[in-house]
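Scroll down for the structure; my scribbles are underneath it.
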Amino acid sequence: MGRIAIVTGGTRGIGAAISQKLQAMGMTVVANYAGNDEKAKAFEAATGIRAVKWDVGDHAACLAGCAQVEAEIGPIDVLVNNAGITRDATLLKMTYDMWDEVMRINLGGCFNMAKAVFPGMRERGWGRIVNIGSINGQGGQYGQVNYAAAKSGIHGFTKALAQEGAKFGVTVNALAPGYIDTDMVAAVPEDVLAKIVAKVPVGRLGQADEIARGVAFLCGEDAGFVTGSTLSINGGQHMY
């Protein structure tokens, strides 16, 4: 049996592309999702990838969900923390609930899921954790103090946990996408989107599969010497 992977937010957009890419690598993939049952069922039917529902911002639900996956399928070898939401507003207009919900899911979800699977990876001497950050966590973005803070936190979380896992064969890396052609970006007003694309040196939005290929590399057997790193895939929009 190949490696077992779980991808949070794994039935739509970038997450769906990642789930299918890992499946193509020979992994048994479980795709976590939070809310859209209809799309999750359609994804499951189309791909054969099992979809499981829980809120990654709920610590107890993550522990229970991962325990159930391991009991029914086997030990989780690969975790991709992809689930995330936006609640955009300037600080003056942002409510505490808008701040808290983004931090709870986007950053708290990484802790909750890692807490569930990291001990087993460490004991078995092999594991891959990939956390999906963002270009806006690297460079900031107007009207996104919550999202930028959470994504920036993911990059720090990654570097710290990488140090805990390194000698046990568990790598922890981040991937920071730029603007990708997904439903989330499609919701941006056309005039605003045109301005965003104009700032991308390659002159276009990225594709979900381009992010998935980067994740696949970091999750592979040959990536054991890569840990604590952030792989930026953004068309040259942010370089440092």
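Tabulated results
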{"item": "Where a residue in segment 110-135 is among the hydroxyl-bearing types (Ser, Thr, Tyr) and its partner, wherever it lies, is part of a strand (DSSP E or B), with Cβ under 8 Å and at least six apart", "result": "Ser134/Ala176; Ser134/Pro177"}
{"item": "Gln144, sole failed condition from (1) touching a helix residue (DSSP H, G or I) at 6+ places or on another chain (Cβ under 9 Å); (2) farther than 21 Å from Thr8 by Cβ", "result": "(2)"}
{"item": "Selected residue (criterion: farthest from Ser229 (Cα to Cα)) from residues of segment 132-141 that are at pLDDT 80 or above and touching a helix residue (DSSP H, G or I) at 6+ places or on another chain (Cβ under 6 Å)", "result": "Gln141"}
{"item": "Matching option when the condition is aliphatic (A, V, I, L, M) and more than 29 Å from Pro189 (Cβ to Cβ), among Ala64, Ala16, Ala89, Ala34", "result": "Ala64"}
{"item": "Residue count for segment 1-30, restricted to those that are among the hydrophobic types (A, V, I, L, M, F, W, C) and more than 16 Å from Asp209 (Cβ to Cβ)", "result": "6"}
{"item": "Subset tally (residues that are part of a helix (DSSP H, G or I), of a type outside the set (D, E, K, R) and surrounded by 15 or more Cβ atoms within 10 Å (Cβ to Cβ)) for segment 55-79", "result": "7"}
{"item": "Output for segment 209-240, where each listed residue is assigned to a loop (DSSP other than H, G, I, E, B) and over 12 Å from Ile135 (Cβ atoms)", "result": "Gly220, Gly224, Phe225, Val226, Thr227, Gly228, Ser229"}
{"item": "Selection from segment 121-154 of residues that are of a type in the set (D, E, K, R) and within 18 Å of the chain's Cα centre (by Cα)", "result": "Arg128, Lys151"}
{"item": "Per-region count, segment 198-208, residues surrounded by 16 or more Cβ atoms within 10 Å (Cβ to Cβ) and in a helix (DSSP H, G or I)", "result": "1"}
{"item": "Residue match in segment 148-160 (condition: outside any helix (DSSP H, G or I) and of a type in the set (D, E, K, R))", "result": "no"}
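The values are calculated or read from the model by the stated rules, or taken from the named source; none is laboratory data. Keep in mind the model is a prediction, meaning the values are calculated, not measured. Every residue, glycine among them, receives a Cβ derived from its backbone with ideal geometry; neighbour counts consider all protein chains shown.
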